[in-house]
Amino acid sequence: MKLVNIKMKVALVLAFLALGVFSTPQGQNCGPTTYLSNAALDVTPYPPLKGQSSVLTLTGVTPSAMTLQDWDLYWNLNGRLVYQTDISLTGTYAPNANVTVVYNMTIPAQETSGYYNMKLLLQTTDGYYINCWQFNYYLV
Ligand SMILES: *[C@@H]1O[C@H](CO)[C@@H](O)[C@H](O)[C@H]1NC(C)=O
Ligand SMILES: *[C@@H]1O[C@H](CO)[C@@H](O)[C@H](O)[C@H]1NC(C)=O
């Protein structure tokens with residue numbers, strides 16, 4: 001009896017992991033062009049909730065001088081692209097400088113529930129993508 005319960009709990013945890021419910025908000029690099037070093041993403045609060053805001057903070061260290069142009073954001077819902085927006089950025093950085101980019105994501109109360117994947121691409125005025133980051137969340 002007890003063994004069955006434990007097995008069910010393990011199955012539930014695995015199911016939630018598959019949905020990304022307990023996955024780390026930090027996510028992972030998603031592009032071969034990534035060249036910000038020590039890149040990391042923080043999403044607070046995580047997971048995002050309907051009718052609330054989550055603040056996305058990307059940090060990294062520049063390998064060379066650069067001027068930021070925009071942050072391209074892509075939302076996939078259940079595997080399909082549902083929304084894309086470019087956020088203009090400014091800022092010129094020296095090599096080995098800390099870069100911090102922040103986006104305040106507000107989720108409408110009537111947003112569709114489901115499994116979301118978000119991709120965040122950072123572009124410079126030279127037209128190069130210098131970072132690709134992704135993370136998943138399940139919107140209840
Ligand atoms: C970048 O941030 C790290 C960690 O906070 C700090 O140790 C380092 O001095 C910073 N570098 C510059 C160039 O500000
Ligand atoms: C994010 O945006 C919401 C809605 O505009 C606002 O209420 C909230 O204070 C903002 N949070 C931050 C950290 O800027």
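The values are calculated or read from the model by the stated rules, or taken from the named source; none is laboratory data. Since the model is a prediction, treat every value here as computed from it, not as a measurement. Quick reminder, even Gly has a Cβ in these numbers, built from the backbone with ideal geometry, and neighbours come from all protein chains shown. These area figures cover heavy atoms from the full protein model, side chains too; ligands, DNA and RNA do not enter into them. Shrake-Rupley method; radii C 1.70, N 1.55, O 1.52, S 1.80 Å.
Against the condition within 16 Å of ligand 1 (Cβ to nearest atom), at pLDDT 95 or above and under 23 Å from residue 28 (Cβ atoms), how does residue 102 come out, does it pass?
Taking the combined requirement at face value, the residue satisfies it.
State whether the residues of the stretch 70-87 include one that is out of contact with any helix residue (DSSP H, G or I) (no Cβ under 6 Å at 6 or more places or on another chain), touching a residue at least 24 places away in the same chain (Cβ under 8 Å) and within 16 Å of ligand 1 (Cβ to nearest atom).
No, the conditions are met nowhere in the stretch 70-87.
What pairs come up if the first residue lies in the stretch 102-115 and is closer than 30 Å to residue 91 by Cβ, the second is within 16 Å of ligand 1 (Cβ to nearest atom) and of a type in the set (Asp, Glu), and their beta carbons are under 6 Å apart, counting only those six or more places apart or on different chains?
Cβ pairs passing all conditions: none.
For the condition in contact (Cβ under 8 Å) with a residue 24 or more places away in the chain, within 16 Å of ligand 1 (Cβ to nearest atom) and β-branched (Val, Ile, Thr), what is the one hit in 57, 33?
57
Residue 43 is checked against (1) more than 11 Å from the chain's Cα centre (by Cα); (2) more than 16 Å from ligand 1 (Cβ to nearest atom) and fails just one. What number does that condition carry?
(1)
Restricting to the stretch 46-60, give me the number of residues that are touching a strand residue (DSSP E or B) at 6+ places or on another chain (Cβ under 6 Å) and open to solvent by 30 Å² or more (accessible area, probe 1.4 Å).
Final tally of qualifying residues: 5.
Return the residue satisfying two criteria in turn: it lies in the stretch 86-132 and is within 16 Å of ligand 2 (Cβ to nearest atom) and open to solvent by less than 30 Å² (accessible area, probe 1.4 Å), and of such residues it is nearest to residue 38 (Cα to Cα).
The residue in question is 101.
So, in the stretch 64-85, of the ones that are small (Gly, Ala, Ser) and open to solvent by 60 Å² or more (accessible area, probe 1.4 Å), which residue ends up modelled with the highest pLDDT?
Of everything passing the filter in the stretch 64-85, 65 is modelled with the highest pLDDT.
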